[in-house]
Amino acid sequence: MSSIDNILELKHISKLYPGVVALDDVSLSIRRGEIHALVGENGAGKSTLIKTCSGAIEPTKGEIIINGETFSSMTPKLSESKGIGVIYQEFNLVGDLSVAENIFLGRAIRKGVIVDQRAMEAEAKKILDSLNINIDPRTLVKRLSVGYQQMVEIAKAMSQNAQVLIMDEPSAPLTSAEVESMFAIVDQLKENGVTIIYISHRLEEIFRLCDRITVLRDGQYVTTLNTAETNQDELVKYMVGRELTEIYPARDPGCIKEEVVFEARDVCGNGDKNISLQIHKGEVLGLGGLVGAGRTEFAELVFGMEPKTSGSFFMNGKEIAPKSPKEAINLGIGLVPEDRKAKGALLGLSIRNNINMPIYPKISKGSVIDTKKENEIAEKYKEEISIKTPNLEQLVKNLSGGNQQKVILAKWLAADSEMLIFDEPTRGIDVGAKQEIYTLINTLVEQGKTVLMISSEMEELMGMSDRIIVLSEGRVTGELTREEFDQETIMRYASTREVE
């Protein structure tokens, strides 16, 4: 195929950071009008590569060729002018402005010196209509669902005449219904002649949408495959460099004991109503339900982030009432939160600092930290759960999502938490790192720890749980043992309005 058919080519792209090779001589071509998937484990180099295209970072070496024009590096303004648009996982929208104002943010349509609001609204409506998006351009963005906010981001890119649209984990924050709407828009974009680079850890989406798939591993190009000529097993093997014969590793059922470690009795608060449940020593209790069912809200009550209004919690038979995360930690409870970047880790601090954060009072005399112990503990858990890093001084924000999740887990292992709450433990994490997290969860319960796991992924919920409690509208609507696990039954409980 001649280069004239390629809208974007990357040739010998490398990006070096101190102690880290983020990209190592990567070359690939994107054909005009295709949907091209970019896949690989966390840390494979996907984000670095797309930031090279968008001008967010400058490559150490290599060339970027857009429509036959060659550049040694891009700037955001140059990239935009050459027709490249990017929709990142974190949206770049202003909530207090309207849809139209966001679409034309920084490029307002003016009549003389006055902003022409009507013209912007009319132009925004044209763009939204062309994508079959039914949103009033006068609506404030903060009043939109996450799914609609993503559509505004797509419309914004189209208003800048994007010829290549890069979508980074676009389905991660969306509900199932919103994902289907997003798929329809991606199909429409392709029909309109837009080339799409699609990044996702959800392989079923890749096979649903994409024409070709490029695999990166450890910052290097591995292969490009025609989607119609491959399958998920082959793709996973290329991504992780090995076959994953069991995504959900087997666990010894004998590790579950009769002893009840944690109990909630008729707990209300934070939107939840009369929740009662028990978790046994060595058990993984799954908490299922739809978005907004009250699962994260329950975790926040247990961890002392929000106050309960009634009911009781018990730990090893003794009533507890944590009024803060600090009190919960002292009671032996740890939380790996859904939003690891905002609530789970201190991104601007080192791995060493993050791992030791809950136990600094224990390894300090007064205000003096025992640095030898601090380093020993950090090194121990770095090795024990295979955190990939050149050193312990690496800032957590520079790690891949899977390794950030491991740092948060290491923090609670160091604190010797008796019960761990995992809220969406593998969201935004690649298939190889997922299996490592699952293996770690198994290790924890086999060591006698107790796990409460919240997950929106049905396969994960059934693959990892010993029992599943389902919530709907803040109430418990069903409980299933492993023998009773069934997707339809779980969905029926999750959609139930009245307690059965």
- prompt: Going toward the positive end of the dipole of region 198-303, with +1 on Lys and Arg Cβ and -1 on Asp and Glu Cβ, which of Thr214, Ala299, Ala250 do you reach last?
  reply: Thr214
statement: Out of Ala122, Gly401, Thr195 - ranked by how far each Cα lies towards the positive end of the dipole of the chain, with unit charges on the beta-carbon of charged residues - the top one is Ala122
- line: Between Leu335 and residues 5 or more places away or on another chain, the pairs with built amide H atoms under 5 Å apart involve Ile421
- request: For region 355-440, state the semi-axes of the equivalent ellipsoid (square roots of 5 times the eigenvalues of the alpha-carbon gyration tensor), sorted largest first and rounded to whole angstrom.
  value: 24, 15, 10
- prompt: Expressed as a whole percent, how much of the Cα-Cα distance distribution for the chain exceeds 32 Å?
  reply: 48
- line: Expressed per residue, the solvent accessible area of region 398-500 in Å² (1.4 Å probe) is about 35
- line: Partner aspartates and glutamates whose C-alpha sits under 15 Å from that of Lys257, ignoring same-chain residues fewer than 8 away, are Glu283, Glu418, Glu446, Asp466
message: With +1 assigned to the C-beta of every Lys and Arg and -1 to the C-beta of every Asp and Glu, and no other charges, what is the dipole magnitude of region 279-348 about the Cα centre in debye, to the nearest 20?
response: 160
message: Using a 1.4 Å probe on the protein heavy atoms, what percent of the accessible area of region 68-132 belongs to carbon and sulfur?
response: 52
field: Longest to shortest principal axis, alpha-carbon extents of region 108-253, angstrom
entry: 67, 38, 26
task: Starting from the Cα of Leu349, step 7 Å along the direction of its Cβ; do the same at Leu78; then give the gap between the two resulting points in nm.
output: 4.0
Accessible-area ranking of Met74, Met458, largest first, probe 1.4 Å: Met458, Met74
message: Can you tally the net charge around Asn442? Count Lys and Arg as +1, Asp and Glu as -1, for every other residue whose Cβ sits under 9 Å from the Cβ of Asn442.
response: -1
query: One-quarter of the Cα convex hull surface for region 416-467, in nm²?
result: 3.6
Which of Leu49, Val26, Ile66, positive extreme of dipole for region 1-69 (C-beta unit charges): Leu49
task: Taking the Cα centre of region 90-165 as origin, work out the dipole magnitude from +1 charges on Lys and Arg Cβ and -1 charges on Asp and Glu Cβ, in debye rounded to 20.
output: 200
- prompt: When the accessible area of region 335-421 is split by element with a 1.4 Å probe, what percent falls to carbon and sulfur?
  reply: 50
- prompt: Sorted by accessible area with a 1.4 angstrom probe, largest first, how do Thr477, Thr75 fall?
  reply: Thr75, Thr477
- line: Given unit charges at Cβ for Lys, Arg (+) and Asp, Glu (-), the dipole magnitude of the chain about its Cα centre in debye, nearest 20, is 1740
field: Cα Rg, Dmax (largest Cα-Cα span) when computed across region 352-500, Å
entry: 18.3, 56
statement: With Thr309 itself left out, Lys, Arg at +1 and Asp, Glu at -1 over residues whose Cβ is under 15 Å from its Cβ give 0
statement: The local net charge around Asn226, scoring Lys/Arg +1 and Asp/Glu -1 for residues other than Asn226 whose Cβ lies under 9 Å from its Cβ, equals -1
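The values are calculated or read from the model by the stated rules, or taken from the named source; none is laboratory data. The model shown is predicted, which means the values in this text are computed figures rather than measured ones. Neighbour counts run over all protein chains shown; Cβ positions are idealised from the backbone, glycine included. Surface accessibility is based on the protein's heavy atoms, side chains included, excluding ligands, DNA and RNA. Shrake-Rupley method; radii C 1.70, N 1.55, O 1.52, S 1.80 Å.
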